[in-house]
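The values are calculated or read from the model by the stated rules, or taken from the named source; none is laboratory data. What you see is a predicted model, and the numbers here were worked out from it, not measured in a lab. We place every Cβ from the backbone using ideal geometry, glycine too, and count neighbours over all the protein chains shown.
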Amino acid sequence: MSDPAIDEVLRLVKITSVEAKVLVWPAIDPPFWMSLLPVNRPHELVMLVHTDERLTGIGHSDQAGDVFRGGSDGQPHLANASRIVPDAIAPLLTGEDPLQVESLWQKIFALTYRHHWNAEGWSRSSMLSALAAIDMALWDIRAKAKGLPVFRLLGGEDPQVPMYIAGGYYREGKGLSELADECHQYSAHGYNALKVRVGGMSLEEDVERVRVIRETVGPDMKLMLDANEAYDSDTAIEAAAEYQDIGIYWFEEPVAWYEGNTGLRKVSEAIEIDVAGGEQTATHWEAAEMASEAAIKFMEFDCMRTGGPTEWLRVADVCRRVGVQMAPHHGAHIHAHLVAAASNGLIVEAFPDPSMYSTPEELEFVRWDRKRELFSVHPEVRDGSMWLSDIPGWGIELDEDVVGRLEVKE
Ligand SMILES: [Mg+2]
């Protein structure tokens, strides 16, 4: 006869269902521009993993590849989003123990190289984005089941995580004085690190922009440049020589895609400024190659674009071995947990919180965080840092009303 007490201890939590929601915000008009591309219409793939213990894991991914690829009308195509989860992923998860994060990760990852994933029209990138959101939800459940925030579950201790603001985007009607006004606000709001775009204008004009920004924010603000791969390696070397006396902490993605890690290494070795990259790497294999072959100092692997926290931790491990620090792209509220836990975790990237601005005019040229409204509970931003709470899991709650308003259904 079985002992009910032992049965209770041995009973596994089981996944009962997986729910995917596609959220799309109104287009930003006129758009903000990175160095070469407009900022896409904001969108999000939200993943809820439900269990028979009434624990629900929350995951989300903001780079869902083909899931959101829009047509010429600008509307997202939802066919992939609506099929990948119920057809490919949910059957692999339902009935499984959500605490087995690693084995479930392997099962889903295998969809990217096994029979029929391509025949169904699912791209590898959309599968990896879906995996990112699922893996994030599984870590949420794992931490909630242990009653710990994720960073403490991973061995982290300090809830204060350094943060920088992403700003200085190009926009129609935005001249040097508007740029200075924007950057002055960052100083006034207590941020102590700022990353701005270069590579979208002539080198002369961009140098002038960066000089104005440095004069505005003063000598103590940590200032990074992101070229979004706009230069060839020779031009990147020339540009770095112009920027270096302005006091630049890192030069991000300085080299065009076709030159690869060889071009990045050429630049890294030729310039005085340290180089950052890796926001587009898809796996820890790819990130390891970049960390060792490109001579970068900062790795920006984004666990919400691809692979999830499980893969991010592997990336941190391979980067630690070659002395590369982790400075993940976007998703500060999630990446902060990982940065807090990794011995080579450095800093997270955030967009400005619109609630800190008193008038809409002040926000006109700021690429503010439209997705902040998704959350009724979110880590606090104070004194230029992100402060993680002791709420179990990722420490976030979705605002169901907002999710309902933004959800797009076929
Ligand atoms: Mg970047």
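Here are a few things to note about the model shown:
- Checking E279, E293 one by one, the residue that is touching a residue at least 40 places away in the same chain (Cβ under 8 Å) and either surrounded by fewer than 18 Cβ atoms within 10 Å (Cβ to Cβ) or within 16 Å of the ligand (Cβ to nearest atom) (or both) is E279 and no other.
- Residue in the stretch 163-181 that is nearest to the chain's Cα centre (by Cα), counting only those that are within 13 Å of R209 (Cα to Cα) and either within 16 Å of the ligand (Cβ to nearest atom) or not assigned by TED's automatic domain parsing to the domain that holds M221 (or both): G167
- Residues in the stretch 265-276 that are over 20 Å from P328 (Cβ atoms) and within 13 Å of the ligand (Cβ to nearest atom): there are none.
- Pairs linking a residue in the stretch 19-38 that is within 16 Å of the ligand (Cβ to nearest atom) to a residue that is assigned to a strand (DSSP E or B) and modelled with pLDDT under 90, with Cβ atoms under 9 Å and 6 or more positions apart or on different chains, are F32/P38.
- A single member of T310, T262, T306 is touching a residue at least 60 places away in the same chain (Cβ under 8 Å) and away from the ligand (no atom under 16 Å from the Cβ), and it is T310.
- Yes/no for A256 being of a type in the set (A, V, I, L, M), more than 13 Å from the ligand (Cβ to nearest atom) and within 20 Å of H330 (Cα to Cα): no
- Residues that are under 17 Å from the mean Cα position of the chain (by Cα) and either touching a residue at least 60 places away in the same chain (Cβ under 8 Å) or not in a loop (DSSP other than H, G, I, E, B) (or both) were ranked within the stretch 357-372; the one that is surrounded by the fewest Cβ atoms within 10 Å (Cβ to Cβ) is R370.
- Residue in the stretch 336-353 that is over 30 Å from K297 (Cβ atoms) and either more than 18 Å from the chain's Cα centre (by Cα) or outside any loop (DSSP other than H, G, I, E, B) (or both) present: no
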